[in-house]
Amino acid sequence: MDGGRNGVDIMASPRNKASGIFVGDALGSVAVSAIATTVVEIAYDRFTSRATAMRSFEQVTELFAQQPALDAVVMNTLAATGHDPGNPAIGFRWAAEQRGRLRKVAIVTRSQGLLMLVGVAKAMVPWLEVRAFNTRDEAAHWCALPSLVKESQTGSRAARRNGTA
């Protein structure tokens with residue numbers, strides 16, 4: 001636990017093999033685990049192939065079905081070395097399919113390329129709260145906090161800025 005920081009409970013070790021689902025191939029792997037009541041972590045290790053990325057999103061969808069309180073994802077890329085070019089599009093499509101279920105995505109990265117994807121994600125799935133973080137703990141804590149935008153208000157952010165929604 002995080003010691004109750006702001007009343008948010010984050011499990012200390014998502015890498016416990018007993019609590020996680022691991023998928024991968026010869027190039028790399030991904031661990032998928034529930035790390036808090038509302039938060040799933042996808043932890044990327046080494047290179048992520050398209051097949052591994054697709055399977056990891058399937059695993060998160062299965063966890064969502066098993067644990068209805070889950071509604072936020074930490075994408076931890078600190079141990080990642082790369083990914084197939086289409087993987088971000090797969091992630092955007094998956095997030096769009098989770099509308100009404102998924103409320104936040106935190107990307108943990110030190111990669112400039114992945115930081116740029118945060119802006120793309122905001123454009124592709126504007127109803128979703130997306131942020132980048134330097135550490136897993138900061139990302140998990142933010143994901144566990146209540147959303148600033150209610151689902152009934154999740155029209156296009158651009159439309160809200162323009163006063164048309």
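The values are calculated or read from the model by the stated rules, or taken from the named source; none is laboratory data. These numbers were taken from a predicted model, which means no experiment stands behind them. Every residue, glycine as well, gets a Cβ built from its backbone with ideal geometry; the counts of neighbours run over all protein chains shown. Heads up: the accessible areas ignore ligands, DNA and RNA and are worked out on the full protein's heavy atoms, side chains in. Shrake-Rupley method; radii C 1.70, N 1.55, O 1.52, S 1.80 Å.
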Computed ³J(HN,Hα) along region 127-138: with the Karplus parameters 6.51/-1.76/1.60, θ = phi - 60°, integer Hz and x for glycine or proline, the list is 7, 9, 7, 10, 9, 9, 9, 8, 10, 4, 4, 4
Rounded to one decimal in nm, the spacing of the 7 Å Cα→Cβ label points at Arg99 and Ala79 is 3.5 nm
Around Asp71, under 9 Å between beta carbons, what's the net of Lys plus Arg minus Asp minus Glu among the other residues? +3
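Whole number in Å², please: accessible area per residue of region 68-143, 1.4 Å probe, ligands, DNA and RNA not counted.
Per-residue value: 45 Å².
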Residue-by-residue Karplus 3J(HN,Hα) for region 47-63, coefficients 6.51, -1.76, 1.60, Hz, glycine and proline x: 7, 10, 6, 4, 4, 5, 4, 4, 5, 5, 5, 4, 5, 5, 4, 5, 4
Mean Cβ count within 10 Å, highest first, over the residues of peptides 68-75, 126-133: 68-75, 126-133
Let me make sure I get this right: for region 18-144, a, b and c are the square roots of the gyration tensor eigenvalues over alpha carbons, sorted descending. Under 1.5 in a/c it's rounded, otherwise prolate if a/b > b/c, else oblate. Which is it? rounded
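Averaging sequence separations of C-alpha pairs under 8 Å and six or more residues apart, then dividing by the length of region 25-135, give the relative contact order as a whole percent.
The value is 23 percent.
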Under 5 Å between amide H atoms, partner at least 5 residues away or on a different chain: which partners does Ala132 have, H built in plane at 1.01 Å? Ile107
Where nothing but the Cβ of Lys and Arg (+1) and of Asp and Glu (-1) is charged, how large is the charge dipole of region 31-105 around its Cα centre, in debye to the nearest 20? 180 debye
If packing is taken as the average count of other Cβ atoms within 10 Å, what order do 92-101, 38-47 fall into, highest mean first? 38-47, 92-101
